[in-house]
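For reference, the structure is listed below as structure tokens.
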Amino acid sequence: MTRSDRIKALKVAATQRILVLDGAWGVMIQRESLSEADFRGSAFAGHNLPLKGNNDILCLTRPDVVTGLHDAYFAAGADISETNTFSATTIGQADYGLESAVYELNLAAARLGREAADRWTARDPSKPRFIAGSIGPTNRTLSISPDVNDPGARAVTFDEVYQAYREQARALHEGGVDMFLIETVFDTLNAKAAIKAVLDLEDDGLEPLPIWISGTITDRSGRTLSGQTAEAFWNAIKHARPFAVGFNCALGAELMRPHVAELSRIADTLVSAYPNAGLPNAFGGYDETPCETACFIDEWAQSGLVNIVGGCCGVTPDHIAHIARAVQGVPPRIPPVRPRALRLSGLEPFELA
């Protein structure tokens, strides 16, 4: 199946059923109890900085672990699995001194995911599997100063963030992803740099791929870290004409629901939601059971709020299996047709009909 055929299949599948994304990668990698040597492998055995905890580098040093997680989520019923590249930019890898490995890392991650998805599709062609190129928010923000005494200070420039995303996106594209997932967006300006990086790949003659954008509401205020409400966030990124938009991380399903419902009301595209397994406990773990998480998401599906569901922090293949069963046979949300209007955004939305 060519990539164009896969994209067509993805869009058809989205009209037929609620699609299921995979769950957490970090918690599953932690369960492997990997050593520093596992993260280094032979390629980075002599590297001068510790690498343990750099989960993305496992695409090069322990590809068997990465493939095993793709397989576990597909076996649980996921339609879509993410590449293991959440922090795989030059900005993210600078903490480990691995900026020079970024292109190779993303390329390997995409190929591992592609191979796994193709194997599962071959087993059951009636349920094609897809790979989303994960593009995380980086550990830098363009909208907020890192220095409380200097509001105008920035740790990075827009061009630097754009170039970091451009390199990542190109490698993911070359590796064979079916879509780009710009996720856990806490700063919409960072997301705009990622959007531009993805769209500009067409200038290099690369085939355009669907873009999925997922923000994160950081607390009960109902705003992103850079201060936007759900509607303002949508107004700020809808120019990208994303295949899907939604929220993930930070909140469990119970607290995320009103923000998902707001996006469902206003977004004329698919709506996604992949919450954490509740809120973290005192030890940083997640206690919400697979049945509990699936129960919340089942209600979203029955209420017609979502097109794509899955899980973030603390969500295991067992959670995904319960979620997949919960939404099976439930019709996907039908995007609304909204009247034309001038819609702008700052921290709040502005509409002029």
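The values are calculated or read from the model by the stated rules, or taken from the named source; none is laboratory data. Bear in mind that the values here come from a model prediction, so they are computed numbers and not experimental data. Counting neighbours? That spans all protein chains shown, and the Cβs are built from the backbone with ideal geometry, glycine included.
Worth pointing out:
- Hits in the stretch 276-295 - residues which are under 19 Å from residue 220 (Cα atoms), more than 19 Å from the chain's Cα centre (by Cα) and either buried (at least 21 other Cβ atoms within 10 Å of the Cβ) or charged (D, E, K, R) (or both): 286, 288
- Any hit, the stretch 91-98, residues being within 13 Å of the chain's Cα centre (by Cα) and more than 23 Å from residue 326 (Cα to Cα): no
- Candidate set from the stretch 76-110 (those that are part of a helix (DSSP H, G or I) and among the acidic types (Asp, Glu)); member that is surrounded by the most Cβ atoms within 10 Å (Cβ to Cβ): 99
- Residue in the stretch 211-223 that is touching a residue at least 12 places away in the same chain (Cβ under 8 Å), touching a Gly at 6+ places or on another chain (Cβ under 7 Å) and of a type outside the set (A, V, I, L, M, F, W, C) present: yes
- On inspection, residue 119 passes the criterion of being surrounded by fewer than 18 Cβ atoms within 10 Å (Cβ to Cβ) and either assigned to a helix (DSSP H, G or I) or in contact with a Leu (Cβ under 7 Å, 6 or more places away or on another chain) (or both).
- Flag if residue 24 is surrounded by fewer than 22 Cβ atoms within 10 Å (Cβ to Cβ) and either under 19 Å from the mean Cα position of the chain (by Cα) or not in a helix (DSSP H, G or I) (or both): no
- Among the residues of the stretch 242-275, those identified as under 15 Å from the mean Cα position of the chain (by Cα) and in a loop (DSSP other than H, G, I, E, B) are 242, 243.
- Selected residue (criterion: farthest from residue 181 (Cα to Cα)) from residues of the stretch 61-75 that are in contact with an Asp or Glu (Cβ under 8 Å, 6 or more places away or on another chain) and surrounded by fewer than 21 Cβ atoms within 10 Å (Cβ to Cβ): 62
- Filtering the stretch 307-327 to residues that are out of contact with any Gly (no Cβ under 8 Å at 6 or more places or on another chain) and assigned to a loop (DSSP other than H, G, I, E, B) leaves only 307.
- Among residues of the stretch 276-304 that are part of a loop (DSSP other than H, G, I, E, B), those with a beta-carbon under 7 Å from a residue that is buried (at least 17 other Cβ atoms within 10 Å of the Cβ) and of a type in the set (Ser, Thr, Tyr) at least six positions away or on a different chain give the pairs 277/286; 277/293; 278/286.
- Across the stretch 202-226, the number of residues qualifying as within 26 Å of residue 155 (Cα to Cα) and crowded, with 17+ Cβ neighbours inside 10 Å comes to 9.
- Against the list (1) out of contact with any strand residue (DSSP E or B) (no Cβ under 6 Å at 6 or more places or on another chain); (2) farther than 27 Å from residue 233 by Cα; (3) modelled with pLDDT of 95 or more, the condition residue 324 fails is (1).
- Considering the stretch 227-239, and only residues there that are surrounded by fewer than 22 Cβ atoms within 10 Å (Cβ to Cβ) and in a loop (DSSP other than H, G, I, E, B), the residue that is modelled with the highest pLDDT turns out to be 229.
- Test result for residue 236, closer than 28 Å to residue 201 by Cα and either in contact with a Phe, Trp or Tyr (Cβ under 6 Å, 6 or more places away or on another chain) or β-branched (Val, Ile, Thr) (or both): no
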